[in-house]
Amino acid sequence: MDMSASSQRIIVVGAGLGGLTLALSLLREGFEVTVLEQAATLGEVGAGIQISANGARVLHELGLADALGRVAFHPERGEMRHWQSGETLIVRPLGDASVERFGFPYYHMHRADFHGVLEAGVRSAALGSIRLNTKVTAIEQDGDGVRVRIDSGETIAGDVAVGCDGIHSAVRETLFGADAPRFTGCIAWRATIPVERLPKGHVRPVASNWIGKGGHFVHYYLRRGELVNCVGVLEGQDWSAESWSSEGDPQEFLADFQDWHEDLHVLIRNADRCFRWGLFDREPMPRWSEGRVTLLGDACHPMLPFMAQGAVMGIEDAHTLMRCLQANADPTAAVRRYENLRRERTAIVQRMARENMTFFHNPDVDDLEERLNSHRDAHMWLYGFDVTDQEFAA
Ligand SMILES: Cc1cc2nc3c(=O)[nH]c(=O)nc-3n(C[C@H](O)[C@H](O)[C@H](O)COP(=O)(O)OP(=O)(O)OC[C@H]3O[C@@H](n4cnc5c(N)ncnc54)[C@H](O)[C@@H]3O)c2cc1C
């Protein structure tokens, strides 16, 4: 059945960064939206996230520029440094240069702050649109619509269902069967440190990535510069923990980076708590959708965080899907068009993120200069993309 956008009921499974961006995009355009979230409370982990201009474009279009400006930090530039000498290998202008070149800023945010901005947007557009404590267990569909079953046994009817339910997506399993994500052999240590604990000027207002033997270490400011976010990645590790993240010991974090530059030791020594994450990804999927049911964000393209684009790709997905649903009265045609517009770009980024594992973890190579330049070009390609300027009609 064909229908106008305003009469379509969209069921969004998962209230992470991807699901909430989709919900807000749809609500602002008059769709009826229900977000189903398994957790009892909404929130995000205590860590940082970088959002580049290609994602900021969508967030600004959603009217969030002021709210983001109140919680974010804008780095002057990105730089890559040598793990032992500290030498700066390459610089990527961000700050004002991001706005001049791409029209939108580069954001560093605490995940909880960013998630809070999205949640406030969704709730002010439609107060009761998010249902917590609601785990999706199955989805059925026919020519007239979808029926989403939740753990209480209740069934919720809609026109389209979107699995924004992360790397372990139940919706993905409903569509394509069970299949585990791949452990990449990398673990990430994460910590956030109050800036007043650090020697004055210890961290410059830049996004720093120290590349080294078998690992890399990223740090940057969050929350208007009140916190420093640290992520130390090491490869060749085991991951036997049941959960994909667990609290770790700062002494172990320090020991893992003992051969690295002293500036990083100063950071780690000032961390009260730290967390250890197993990093998982998947191969690009040949299909994301079946009829009126599709996927978005980590549910369909989980990637290593080595391009800082996982959430940004979900934000681009959200805008694209909303516009496809608007431009195509037939929901199955809309979903097909969305998938066609998104699959290739996200697969390229998934592959780039994997390739960066070799590049970031092996800095002492002859062709380093060439690699650094192609890394910078990849970022220009990514950030310059205008997701709003596409042919959304099938
Ligand atoms: C170390 C690290 C650093 C990163 N840095 C960046 C960065 O700088 N920039 C960037 O863009 N990306 C970054 N990423 C990637 C980014 O974090 C993810 O891509 C993004 O958070 C995924 O969002 P999502 O909404 O798709 O999924 P998720 O955040 O996983 O959300 C899924 C939601 O669905 C819910 N859910 C799951 N199953 C069900 C169910 N059956 N029923 C109902 N609800 C359900 C979950 O509870 C959750 O709320 C990083 C990742 C890591 C690990």
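Annotations
- Share of carbon and sulfur in the accessible heavy-atom surface of segment 136-258 [1.4 Å probe, %]: 46
- Restricting the GluC sites (Glu not before Pro) of segment 221-262 to loop positions (DSSP other than H, G, I, E, B) with no more than 10 neighbouring Cβ atoms within 10 Å leaves E242.
- The mean sequence separation of alpha-carbon pairs under 8 Å and at least six residues apart, normalised by the residue count of segment 1-142, gives a relative contact order of 33 percent.
- Cα-based shape type of segment 195-269, given that a ≥ b ≥ c are square roots of the gyration tensor eigenvalues and the cut on a/c is 1.5: prolate
- FRET efficiency for E283 and E370, using Cβ-Cβ distance with R0 set to 35 Å, rounded to 0.05: 0.85
- Cβ crowding within 10 Å averaged over residues, with 15-28, 280-293 ranked highest first: 15-28, 280-293
- For the chain, share of DSSP beta bridges that run antiparallel, in % to the nearest 5: 75
- GNM on the chain, alpha-carbon springs under 10 angstrom: the most fluctuating residue among L118, L222, L264 is L264.
- Max mean-square fluctuation residue, GNM over the chain, Cα-Cα springs under 10 Å, options I167, I90, I268: I90
- Long-range amide H partners of G78 with built H, under 5 Å: R92, L94, A207
- Sorting 197-208, 93-104 by average packing, meaning the other beta carbons within 10 Å per residue, from highest down gives 93-104, 197-208.
- In the chain, taking the dipole from charged Cβ atoms about the Cα centre, the farthest positive-side position among N54, T34, T388 is held by T34.
- Extension gain (nm, one decimal) between E196 and H82, 0.36 nm per residue minus Cα-Cα: 38.4 nm
- Phi-based couplings in Hz for segment 217-232 (Karplus 6.51, -1.76, 1.60; Gly and Pro marked x): 9, 10, 9, 6, 6, 10, 6, 6, x, 7, 10, 10, 8, 10, 9, x
- Size-normalised alpha-carbon gyration radius of segment 304-394, reference 2.2 N^0.38 Å: 1.33
- Top positive-direction residue, dipole computed over the chain with Cβ charges, set L20, L264, S240: L20
- Calculated [222 nm] ellipticity per residue, helices only, for the chain: -11000 deg cm²/dmol; basis is -39500 (n - 2.57) per DSSP H run with n ≥ 4, divided by all residues, nearest 500.
- Using θ = phi - 60° in the Karplus curve 6.51 cos²θ - 1.76 cosθ + 1.60, the 3J(HN,Hα) couplings for segment 382-391 round to 5, 6, x, 6, 9, 5, 7, 10, 9, 8 Hz; x is entered for Gly and Pro.
- Integer Hz, Karplus 6.51/-1.76/1.60 couplings in order for segment 30-35, x for Gly and Pro: x, 6, 8, 10, 10, 9
- Taken along its principal axes, the alpha carbon cloud of the chain reaches lengths of 64, 45, 39 Å, longest axis first.
- Taking the Cα centre of the chain as reference, the dipole from Cβ charges on Lys and Arg (+1) and Asp and Glu (-1) amounts to some 560 debye.
- Using the Cβ-Cβ distance between D272 and T41 with R0 set to 25 Å, the FRET efficiency works out to roughly 0.60.
- Computed on the Cα atoms alone, the convex hull of segment 255-368 gives a volume of 145 cubic angstrom per residue.
- The fraction of Cα-Cα pairs per 10 angstrom bin, counted from 0 for segment 105-264, comes to 8, 25, 27, 23, 14, 4, 0 percent, rounded to whole percents.
- Per residue, the accessible area of segment 248-394 comes to 40 Å² when a 1.4 Å probe rolls over the protein heavy atoms.
- Efficiency of FRET between D259 and A393 - r from beta-carbon atoms, R0 45 angstrom, step 0.05: 0.20
- Each Lys and Arg Cβ is given +1 and each Asp and Glu Cβ -1; about its Cα centre, segment 206-282 then shows a dipole of about 340 debye.
- Charged-residue dipole, Cβ positions (Lys, Arg, Asp, Glu), segment 249-376 about Cα centre, Debye nearest 20: 1020
- Surface share of carbon and sulfur [accessible, 1.4 angstrom probe, percent] for segment 1-123: 46
- Binned Cα-Cα distance frequencies in segment 1-84 - 10 Å width, integer %: 13, 36, 32, 13, 5, 1, 0
- Debye-formula intensities of segment 295-355, expressed as log10 I(q)/I(0) at q = 0.12, 0.27 Å⁻¹, are -0.29, -1.05 (one equal scatterer per alpha-carbon, no solvent).
- Accessible-area value, R9, 1.4 Å probe, nucleic acids and ligands omitted, Å²: 80
The values are calculated or read from the model by the stated rules, or taken from the named source; none is laboratory data. Please read these numbers as outputs of a predicted model, since none were measured by experiment. All Cβ positions, glycine included, derive from the backbone under ideal geometry; neighbour counts span all protein chains shown. When the accessible area is computed, the model is the full protein with side chains, heavy atoms only, and any ligands, DNA or RNA have been set aside. Shrake-Rupley method; radii C 1.70, N 1.55, O 1.52, S 1.80 Å.
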